[in-house]
Structure formats: C-alpha cells, structure tokens
There are 10 protein chains.
Amino acid sequence: MNDAKAELGKKILKIKKAKGLKWADIANRIAMSPVWTCALCMGQMSAEPHHAAGIADILELDEEDAATLCEIPYRGAQPMPPTDPLIYRFYELVLVYGTSWKEMIHEEFGDGIMSAIDYDMILERQPDQKGDRVKITMTGKFLSYKRY
Amino acid sequence: MNDAKAELGKKILKIKKAKGLKWADIANRIAMSPVWTCALCMGQMSAEPHHAAGIADILELDEEDAATLCEIPYRGAQPMPPTDPLIYRFYELVLVYGTSWKEMIHEEFGDGIMSAIDYDMILERQPDQKGDRVKITMTGKFLSYKRY
Amino acid sequence: MNDAKAELGKKILKIKKAKGLKWADIANRIAMSPVWTCALCMGQMSAEPHHAAGIADILELDEEDAATLCEIPYRGAQPMPPTDPLIYRFYELVLVYGTSWKEMIHEEFGDGIMSAIDYDMILERQPDQKGDRVKITMTGKFLSYKRY
Amino acid sequence: MNDAKAELGKKILKIKKAKGLKWADIANRIAMSPVWTCALCMGQMSAEPHHAAGIADILELDEEDAATLCEIPYRGAQPMPPTDPLIYRFYELVLVYGTSWKEMIHEEFGDGIMSAIDYDMILERQPDQKGDRVKITMTGKFLSYKRY
Amino acid sequence: MNDAKAELGKKILKIKKAKGLKWADIANRIAMSPVWTCALCMGQMSAEPHHAAGIADILELDEEDAATLCEIPYRGAQPMPPTDPLIYRFYELVLVYGTSWKEMIHEEFGDGIMSAIDYDMILERQPDQKGDRVKITMTGKFLSYKRY
Amino acid sequence: MNDAKAELGKKILKIKKAKGLKWADIANRIAMSPVWTCALCMGQMSAEPHHAAGIADILELDEEDAATLCEIPYRGAQPMPPTDPLIYRFYELVLVYGTSWKEMIHEEFGDGIMSAIDYDMILERQPDQKGDRVKITMTGKFLSYKRY
Amino acid sequence: MNDAKAELGKKILKIKKAKGLKWADIANRIAMSPVWTCALCMGQMSAEPHHAAGIADILELDEEDAATLCEIPYRGAQPMPPTDPLIYRFYELVLVYGTSWKEMIHEEFGDGIMSAIDYDMILERQPDQKGDRVKITMTGKFLSYKRY
Amino acid sequence: MNDAKAELGKKILKIKKAKGLKWADIANRIAMSPVWTCALCMGQMSAEPHHAAGIADILELDEEDAATLCEIPYRGAQPMPPTDPLIYRFYELVLVYGTSWKEMIHEEFGDGIMSAIDYDMILERQPDQKGDRVKITMTGKFLSYKRY
Amino acid sequence: MNDAKAELGKKILKIKKAKGLKWADIANRIAMSPVWTCALCMGQMSAEPHHAAGIADILELDEEDAATLCEIPYRGAQPMPPTDPLIYRFYELVLVYGTSWKEMIHEEFGDGIMSAIDYDMILERQPDQKGDRVKITMTGKFLSYKRY
Amino acid sequence: MNDAKAELGKKILKIKKAKGLKWADIANRIAMSPVWTCALCMGQMSAEPHHAAGIADILELDEEDAATLCEIPYRGAQPMPPTDPLIYRFYELVLVYGTSWKEMIHEEFGDGIMSAIDYDMILERQPDQKGDRVKITMTGKFLSYKRY
C-alpha cells in the first residue's frame, strides 16, 4: 500500500537532483520545515492539500502524485537493524543511551514517554574547527502514563 | 563482563534515590554533563579516575565501585526492539526518520555519517502551554567516507 | 531492574489467593480501576505513594514493597509472539485487525494514532445465553501527527 | 493465495475515496457493522454472497471481485512487530497488558481464553475536552479449557 | 510464574519412574484421560481440586504440590522450532499439511477454525506387521468466524 | 522450484470451485484418501502417473500439469509461526502438547519418534449437540532410535 | 529436563581426560561404536541398562549417573546457527549441498527421506600426503513418503 | 547475482528429465563424481571450461549456459532452518551430533576443523533386507588452528 | 533505492569479464586503490565525478551509469549471517576475535573505536610454500569516546 | 562447557590490570604474538602445555587454570549482531565489503576461500597527524574449492 509513496519518493529524488533543489528550497515553498518536508517526500508523512500543491508546483508533479503526497502512509522505511552505517548510528544511540533517556526523562517528568507523534526536529550544520558537526534538535510532547 | 557495571548501576539508582539526588547534582560534582554522567552510571561509559573519585565521593561508593566506573564497558543495554514504550519511541524514530536523516545529512555534508562516538547530547524540559516537551539536542562530528 | 517488581508480582498473587481477594477488592481499597490495579501489581505500572500505601495495607506488604510499587518499570512482560494461548489471541487480533484499525481511525480522525499511554481499559463479563463473553472497553486519546 | 484479496483491498480504497464513501456507508448498505465491513474489504474476512453483492453494488465492483470477497482468506496482514506506529500501539498493549488480561480473565472465568473468532468489535469517537478519544469495545466468547 | 509447575513436572517424572507408574495409572486414579493427565503433570493444564487430590494421593505429593496442579499455567513448553526430533515431527506436519487442513476444514465447515481449547486427544499404539504405529485421535470444536 | 506446483495449486482451487467438486470427489476418482489428495493438489506431495492422470481427467488439466503433479516438491508451505488462525491452532498444539507427546510416546514405545513420512491422516466432521467437531485421526510408524 | 544429562556430560569429559581414555576405549567396553557412545555421553542418546552399567564401570560413575545415561533426552545440543567453527562447517554443508542431496536421493530412491533416527555413523582418520582427512561414513534408512 | 545459475539449474533439471539422464551419466561424460556434478548443476559449484563444455554437450546447452556453469556462485541454496523434510534431517544431524563431532575430531586430530572446502562426498544406495539405506561418505581435510 | 547501483554492479562484472580487465586495471585508470574501486563498482561506495568519468571511459559505460556511480548508496550488500562460505569466514572472525579486538584496542588507545568510515584496506597475495595466503591490511582512524 | 574458559578470562583481566601487564608482556613471556595470546586468554584459543605454563607463571595462575587454557573451546564469544560499537564496526565491514572481498579474492585466486583457521593477525598503532590509526594485518591461507 506504500508502493505509490515509495515510488514517488524515488521520482522526487531524481527531479530534485535534476533541478538542483535542496530540501530547504522545497520546504520554503510550502513554509514548512526541511526535515518534515523531506520525511513527507520520502513517504513517511501525509501532506495537507496545500502542501501537496506547493510541492507539486515546485517539482512539476502531476495531480496523482499530489494526491499520493496526501495519503497517510504505512510508516517504517527501514530494515531493522539498519544495514546502512549512517542510519545504524542512530540505532546504536538507542542501544547505548536507551536507559539514560529513560532515567533522565522519568526524573524530570515522572512516569510517561516523549511522544514520537507530537514531535518535531531540526537538522543543522554546526561549524567546528575540529570538523563540522551534525546538530539535531528534537522536541516531543511529554505524555504522562494515565493512572485510572 | 558488564555484570559489575550493571550491578553498580542498580546500586547507584538506590543510593541516588535515598539521598534525594538528581543526575544534575552528580554531574555538577564532577563538572560534566548530566546525560553523560547518567550514561556512565548506567554502565554505558567509562570514567577517568577523577570523575570516578567525584562520583564515589558524592554517592559514598567504595574504591572497587570507583574502579568499576573507570572500566570500559561492553556497550548495549537494550533488548532490541525495545519492549519499554519510552525507549521504543526512539527506535520508532529510526524507523520513520531513518531515510530522512540519510538524505538530509548527505545533502549537507556529502557521503559520510554522523559519529555516535564523538557525540554529545543535552536533555531538557521545554515549557509549553499545551503540555511541556522533552527537548533533546545532539551533535555528532561528521565523518567523511574515505575514498582511497 | 524489573526484578524487584516481578518478584513482588508473584508475592502479591500468592497473598491475594491466600486472602481470597479479587482485583476489584484491591482496586476499591485505593479507589482505582481493577485493570490498572492489576497491571500495577503485575509490575507494569507505577503507583503514587497513597496507592502503594493502600495496597500495602490490604495485602500486608512491607515498606520496601510499597516503594517497589512506586517505581517506574521497564515495561514489557511478554515473550513475543506470546506462547500462552490467552495472550496470543490478542496478538492475533493485531495480525487480523491491524489494517482495519488503521483505516478506520484515519478515516475518523485523520493522520495520527490512538495513544497507549493516555489510555484506559475496562474488563467485564457480558452474560450471554450462548456462553458469557469477555467484554473489553478501551479508550486512548487520539494524537495527531504533527506537521511542522 | 491472498493476492486477489489484497489487490481488491487496494482497489476498494481507491473507489471508496473517489466516491467519498465512509466505511459506515458501505456497512449500512449491507446492514453489517463498519469494523467487520472494513476488515472484509481489507481482505481479512469472508463475505456471504448477499454481503458481497451489496458491496459490489455500492462500489461498482464486478462479479469476480464479489466472488473474491466471498473467499476465505489466509489471514494475517501485518509484518510483526508492526512498523507502523498506529498499529504498533496495539502490539504494545499486548506487551504491557498481556499478563493483566490473563490474571483478570482467569479470575472471573477460570481457565480458558477469550475467543478471537467468535468476536466482535466497535470503534467510536469519544468526545473529550482534553482531546477526543478513540473508543474500542470488543467482546469475545469465553471458551473454557476442556478437561477430559 | 510457571517455575513451580515446571519444577513439579520434573518431580512427578521422578516419582512416577520410581513407583513404576504409567500415565494411564495416574489418569485412572482420577477418572480422566491419560493425555490430559500427562499434560497436567507437565505443567500445561490446570486441575480441579479433586483431580489434584487424586494425583497427590497416588504420587504422594504434598499440599503445596496439589495447589500447584490447580494453578492456571502460562502455557507453551517448547522452544520453537523444536530441537527435539520427536516434537519436531509434529511441527513438520504443520509445515507440510497446514494448507491442506485449511482447505479441507473450510470445505466442510465454512469459515472458522478448529478449537485448540475445546479440544481433546487420544494417543494409542496401533499394532502393525510392518512396525507398530502411533495413533493420535483429536477432536476440536469447530468455531465459526463471527460476521457482525 | 516449487513455483510450478504452487501455481498449479491455485489453478486447481479455481477449477474445483467452478466445477463444484469436493476433495472427496477428486480423491474417489483416483481411489486415494481426501487428505492426501488435497495435500498433493496443494503442492506438498508427489503423485504416481496414474494418480496424476486421474486428477488431470476429472479437473481437465493438461499434460504439463499432470507432470507437475508427479514432481517431488520442496515441501513446507507455511510461514512460521503461521499467521492464519486456523493453521496457528495446530502450531499451538505443538507448543502446549509437545512435551506430553514426548513423554507418552516414550513411555509406550521407548526411545524413538512417530514418523511424519510413513504417515497418514483422516479428517472428519464429528456431529455434536454442543457444536460439531473437527476430528483428525493420524497414524505414523514408530521408528526406534538406532543404537549402534 | 536435560540438565542432568548435560551435567553428566561435563563430568564424563573430565573423568575421561583424567583417566586418559579415548571414546573408542569406552565404546569397546560396551561393544558399541565410538560415535554412538560419544553421543550418548554428550547427552544426545539413551542407553540400555547394560550399556550404562559398562560405562559406569569404566568411568567409575555412580548409580544415579548410570540411570541418567538411560534417560531419553530432549535432543538438540547446538545453538543454531552454530557459533563454533568446527560445528559450523557441517551446517555449511547443509547450506551448500542441501539441494544436491535432495536431487540425488530422489533420483535413486524416489520420494522420501534418509532417516536421521534409523541412522549410524563412523568417524575415521584417512591418512593423506597432503594432510590427513576426516572421513565420515553415514547410513540412514530410506523412508518412502506414504501415499494413502 | 546467483540468478543466472539458479535459472540454469531449473533448466538443467527439465532437460535431464526429458532426456532420461541420471547424474551419473552427466558426471561420467566429464569424468567427475556425480555429487559434485549435481552440486555444480544446482548452482553451488564452479566448473572449469572443459567440464562446462562436456555438460553443455550432453545437455545441449548454449555457450552462455556453459559460461554460467564456470561462474563462481554466491553459495547457500537453503532457507534455514530447512522447511523440506529431506534436507531438514541433515540439519537435525547437526543439532544432535554437533558436539560429538567436535569431541571426536578434537580427540583424534587436536584443535582444528574438518574443511568444507577441501571436501568430497559420495552418495550410494546400500542394499539392506530391512529396507535399503542411503550411504554418504565424506572426507574433508583436517585443518589445524594456527598458533602464532 | 540501491537497485540502480546493484544493477550497475552486475553490468560492470560482465563488461569487466568480457574485456578481460582486473580491478587493478580499473583502479589504475582513476589512480585509486583496487579495493575501493571494487567496492564502488559493487555499489557500496560513491564516486566523485572524475572517478566516475574514468570508470565510464574504461568500461564504456553511458552517462547515466556514471551518474549512478556518484550516488551515495544505502549500504549493506550482505544477507546476515552470510550464506556464502568466503564471506562467512570474515563473519566468523568477528565471532572469534571480537573480544580480542576490543581488549587490545582499548589497551593501546583507551575507550573508543576503530572507524569503519575513515578506513582503508589493501588485499594482496602473499606467496607461501605451504600454499599462498590472502593478506589483508586495514587501517581505521581511532575515535575516542567523547566525555562531555 | 566454555564456562571455565570464560571465568578464567575475567580472572586474567583482573590480574593483568592489577599487575600492570600488557598483552605484549604476556605474549613475550611465551614467545607468541599478542593477538593470539589475547584470544587465548579470552577463551577463544587452546594453548599447548608450555604456553599455558608460561602464562600461569607470569599471571600466577594455578594448575587448574593452566589446564583450562589448554582446553579446546566452543568458540564464538559474541552476541550477533554485536551490540558493542567497537565490535560492531567489524561486523559492518562484512556488510559493506563482503562482496568486494569475494570478487577480489576470486579474481586473484580462483574459486575458494581465505581460511579463518590457518590464519594470523597483527594489531598495531599507526601514527598519523590527523589522528592515530588502528592497523590490522591479517593473512589466511587460500583454500581452493575441491573439484572431484
């Protein structure tokens, strides 16, 4: 059922390259953030019609593609554990820091979780003399475990 | 081989609770960040002797415990996929955002990865009227894939 | 780290049987629902101190046990797939109805999920001439996928 | 062997969207419940001929499609563990509440299980000031383990 | 939680051997079938008090053991796939005959399943000149998939 | 390599339905049992030429199909664990009764196994006032573990 | 349930080493083959009483150990895939030669299998100028798939 | 990358059947053993050009097929654990005899392994009054673990 | 997404064979090392345009192929555990030597890892009277675990 | 069966640390290489008596420990995939470079493998201005696939 969104993702990557666009260019066109726009184009998010229209406009997609952008995906684009080293490093962070996240979030907020749904993320380059760094800032709403 | 570090982790959680300390208190004592200090106590990092001494001091640990803090762990504290919902949400982020991280980091930096070794992280509460948020800021050095 | 909560769970099952108590009796003592109270005793939830005190009182637990009830668990008590037939049937519902839940919830609410954190459940006997039925009523807050 | 039913499921989703129908509309046409009707269309149930005829009528399906609706499926539409967050939350409920279901059902009914075959389910929106909730009500016949 | 039942199973095997009893002897004592009695002693079934009393009597078990026999088990005593050749052959039957069972039961009964709960089984020796055969006769109630 | 046999299985199911035949009708035509005939058609057994000829005759298959029936399959038609509830119940029987089969067969026959190769099976409807039952009778030759 | 046989295996390995015995010495004592005797001592076979008596005699085992040798094991001593290189090479043979065994045995014998129960094996050193070779000769009874 | 060799394997099986050839016939043509020849045709070995020419000649293959026979395969033709009973029995031998092979080979040769590369095998029918047997004779060079 | 790179890999292998080229020939053409060049052609590395141009020139690839060589791959070309014996031996080295690498690298460098990104490798034939050897020399930058 | 070797490994790590020894010191004492000596102490190799005696001498081990060093291990000290980042990087090399190793070794040597048994390895620090590097040099005997 995700096939259409996966196919569209490949098509977008080609067009984006051919046009020399960056995710920020596409995101600016619809006044959204680059990470979310990228995730949408990679088939992991669903657009509202005006987002889809804006993306279709800048990438010269047809109507069916725009409709595909609006579809809600069956999410999960990764083989797990990830075989790609870039993606694996994030998996490794879960292995290494999972218990620390748990202890620190519970200490600060009590019993509950950080939402991965009411969630946003920024990805930036942080210049550094010893070598530039990837900087990721994420926020997720804290949700308390209901006691009932 | 991690057994000593895992045992020590449980012991530290008890002492920390009994003394009413926070990770920030322990971290301040050794002038390190709370996340790293927590990961160290959870058995996922290795301390230098002066860190271990500081932690032993504030938590009233004995010398053997201090030595255990300095040991380099066999890392990886998680069953995978994580069964705990708080930790699972981070695993889910890899499932959903893995390809976006890949596309965006390559666009900005070229072929390579974000290091999970030359890496740091801050975890904060971000007040929000609709419900406070967990804010995580991470930076990792970008490493270029060597062409040789 | 869950060992204490798991041990306590077994102890509670024995005391409960010896005293001839039902989950509803224990739940009434602390004015909470039977399902949540059972999940708490099985080591999957964390109590507030007054809940723990009430349960300790009715079950004659000591202070350490009461403290254990207040601890936040590393959740996930099941081998997966479940080997026990009663529990497996719920796993089977996910296999069979997973896509239907997805289509129906998205139709009604749009893109997002039913929370398993801000969540409650009632379990009842529903008399039926052809054989009584187990009736489970669950509600979970709908969370919209954030577009940002 | 499920291929025909899976293909039909995708076709129905497209027609349903194009016609602006809801699951309730389709269900009403055949005087069945929306959840069962949705599960049927998603390829997880088998229809009687008059159900198939009604659905074919409202969705303008051909005879072969109607026959496909009547076929008994090889059930199980999910990768497990589910990669989609909406479906995963139900899997998580099994992880967290599995032992509680077991203890509570045995307490009330004795040794046996809740049937996932003689089973029905309702899915509703429950308005709530803090955010509407998904409400699911399920009943399954209790089956006693035979002692022989 | 099954530990007590597993331990008891080993104890019963020893006593049974020492006393030179057969499963049929134990089963006759409580007027039940040998298969069910064996499954009960292996920790996979729950006894009613009078069954437990009879078994405790013939095997000279104490009261705690009798109570353990009455407990409802977390079922599932096998590693899967089974490593033991005798048990593996049954697993192989599922691999080879699974689709035939499905086609034949649906042809005869329509959409539904053979219950593994309202289920009984007999195991016998069938003399045969070319080598005696194991004969297993099982019946399970047919349960129709509910259409609702 | 099983592709031809799997394809033929689907084709036979369609023809059988179109002709209104039952497995017993096809089996009678070749004077074999319905279970074996069904397993053959589902691609899990190999026919002798006269069986294949008989089946080709009643189902109007061509010569290539008849040859395909005679081919020896790479057996194993199931995903494991089975996702389909009907087939899963048999898998569950292995989980629950595996150790009982082992203890009872060894008690009666000594060290060895029940053959799944020199094996036969009958599947019948057993009328029952509380609901008809599926009755399966299987016999397998007992094979002694060789001591050498 | 295999614990006793596994423990005994370790004990035998120690005694065998201390006494400077070879498997052939132990096997000769009971007039059986070295491979079977070794498999028996490693907990994978069951002895008849006179075998057990002979082994107990040569190894100075007590009566309980002799009884343990007679017990029928839950077979399967390997983690799979094997982590040990010596054992892995046999697993690799299945990977590489599995289809050839299938084609050649069916060509010669028709549809059926080589029994792993009515089975024997000899392990020898085969002198060779380029380096001595391990020679394994195995025979297993051919079992025809029953057509019924 | 093995696709060409796998396709060729299927083609060879058809031609071999149509021509009424046996593996021994094909092997004789190139003066090699039947097992190796079969493994080559099944895509698990690589031929030298004169072997390929001989096989192409007897089976009337074209030049591209001959070239395919010479290609070095990505080996491993089995799903593991094997679902086919004939192949599974060899897997079972690893489960049951793995530790015996290890103990016996180390006793005779010291620390090292039996090579699965410098390896050969013969498969024969061994007549037997109680039923003919499959006889497999394999030799593999013993390789000492290097101490350095 | 790797499909294009995988397809190109197969195409290159054919052309390379037809032209009688070696990896060293291709590598010399672009003044890079043979291992990296081979990994690039196998779809596991990304080229800079001048590398791609050089390879396209020597192999007579078209512009689209050259562009494909420049694309950053989703890495990971292996089924794991590897089924091919040549590749498996490297996996086995991780099984056997993993802990030794860990102890020795930490002893020499402290807490950190050897980079698999800032990494290079040479593969050579090392003549040896007892049989030539494969010699692999790899260097990876040591990365210290950051303490922060 | 590896328990004794694993226990001894932990003991040696403690003694080595207390005595301030390096692997090279221990290796020099027995005139062997540091990598092999480390692998031996980590329980993955077997010593000859004079190696064991030398190590026992420098580490003040008792006779039983020396005997344990001489035992042939059940090899494989790693969970797979490795959870520890240092060890995982080597696993990643197999994922990324597996096919390149295969193509390059076959090009140079023909069909066969690099032995992981007749194998040696050196681990060194390679000074580098941009950060020192870990240098690993390994050689393994090439073994030709036997054609027979």
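The values are calculated or read from the model by the stated rules, or taken from the named source; none is laboratory data. Every value quoted in this text rests on a predicted model; they were computed, and no experiment measured them. Positions of Cβ are generated from backbone atoms using ideal geometry, with glycine treated the same way; all protein chains shown enter the neighbour counts. Calculation scope for accessible area: heavy atoms of the full protein, side chains included, ligands and nucleic acids excluded. Shrake-Rupley method; radii C 1.70, N 1.55, O 1.52, S 1.80 Å.
In a shell of Cβ-Cβ distance under 13 Å around D:R147, excluding D:R147 itself, what net charge do Lys and Arg (+1) and Asp and Glu (-1) give? Around D:R147, the surrounding residues sum to -3. In this rough spin-label picture, where each label sits 7 Å from Cα along the Cβ direction, the B:K135-F:E124 distance is 7.5 nm.
Estimated purely from DSSP H runs of n ≥ 4, each contributing -39500 (n - 2.57), the mean residue ellipticity at 222 nm for chain C is -16000 deg cm²/dmol once divided by its residues. With the cut-off at 25 Å, tell me which of the pairs G:K135/H:K146; B:K14/C:K19; C:K10/C:K102; B:K10/J:K11 have Cα atoms farther apart than that. Going by Cα-Cα distance, B:K14/C:K19; C:K10/C:K102 fall outside the 25 Å limit.
Solvent-accessible area per residue in region B:1-118 equals 34 Å², computed with a 1.4 angstrom probe and all protein chains kept. Might you report the magnitude of the Cβ-based charge dipole of region D:40-148 about its Cα centre, with Lys and Arg at +1 and Asp and Glu at -1, to the nearest 20 debye? My answer is approximately 760 debye.
Annotation: amide H-H contacts under 5 Å for G:R133 (H modelled 1.01 Å from N, sequence separation of 5 or more, or interchain): G:Q126, G:D128, H:F142.
Taking Cα atoms only, the orientation of helix I:3-19 departs from the longest principal axis of chain I by about 70 degrees.
Give the shape of region A:3-70 as rounded, prolate or oblate, defined through the alpha-carbon gyration tensor: a ≥ b ≥ c are the square roots of its eigenvalues, a/c under 1.5 means rounded, and otherwise the shape is prolate if a/b is larger than b/c and oblate if not. Rounded is the answer for region A:3-70, as its axis ratio a/c remains below 1.5.
Loop-located GluC sites (Glu not before Pro) in region H:1-85 (DSSP state other than H, G, I, E, B) with a sparse environment of at most 16 neighbouring Cβ atoms within 10 Å: H:E60.
Provide the net charge surrounding B:K102, with neighbours chosen by a C-beta distance below 11 Å and charges set as Lys +1, Arg +1, Asp -1, Glu -1. Cβ neighbours under 11 Å give a net charge of -2. Using a ≥ b ≥ c from the Cα gyration tensor of the protein assembly as shown (square roots of the eigenvalues), is it rounded, prolate or oblate, where a/c under 1.5 gives rounded and otherwise the larger of a/b and b/c decides, a/b for prolate? Rounded, since a/c falls under 1.5. By the Cα gyration tensor, chain D has an equivalent ellipsoid whose semi-axes, rounded to whole angstrom, run 31, 20, 16 from largest to smallest. From the alpha carbon centroid of region I:1-78 to that of region F:133-148 is 57 Å.
For region A:60-148, trypsin sites (Lys or Arg not before Pro) meeting the loop criterion (DSSP other than H, G, I, E, B) and having at most 14 other Cβ atoms within 10 Å: A:K130.
When the P(r) of region B:85-144 is calculated, the portion above 18 Å amounts to 52% of the C-alpha pairs. Against the empirical 2.2 N^0.38 Å (N residues), region F:109-148 has a Cα radius of gyration ratio of 1.74.
Which ³J(HN,Hα) values, rounded to whole Hz and listed in residue order, are derived for region F:119-127 from phi using the Karplus coefficients 6.51, -1.76 and 1.60 in 6.51 cos²θ - 1.76 cosθ + 1.60 with θ = phi - 60°, glycine and proline given as x? Karplus values, whole Hz, x for Gly and Pro: 9, 9, 8, 10, 10, 9, 8, 10, x. Using the Cβ of D:I58 as centre and a radius below 10 Å, the other residues enclosed give a net charge of 0, where K and R count +1 and D and E count -1.
Shown in residue order for region I:30-38 are the 3J(HN,Hα) couplings computed by the Karplus curve 6.51 cos²θ - 1.76 cosθ + 1.60 at θ = phi - 60°: 10, 6, 10, 7, x, 5, 4, 4, 5 Hz (x for Gly and Pro). Surface burial for J against I, with a 1.4 Å probe and both sides summed, reaches about 7100 Å² of accessible area. The accessible surface of chain H, taken with every protein chain in place and a 1.4 Å probe, is 50 percent carbon and sulfur.
Each residue of region I:67-80 is assigned a 3J(HN,Hα), and the resulting list reads 5, 4, 4, 7, 5, 7, x, 7, 6, x, 9, 10, x, 10 Hz, derived from the Karplus form 6.51 cos²θ - 1.76 cosθ + 1.60 (θ = phi - 60°), x at Gly and Pro. Annotation: amide H of A:G112 within the under-5 Å range of A:Y145, sequence separation 5 or more or interchain, hydrogens built in the peptide plane.
Close amide H contacts of F:S33 (hydrogens built in the peptide plane, cut-off under 5 Å, sequence separation of 5 or more or a different chain): G:Y148. If you wrap the tightest convex hull around every Cα atom of region G:50-112 and split its volume per residue, you get 178 Å³.
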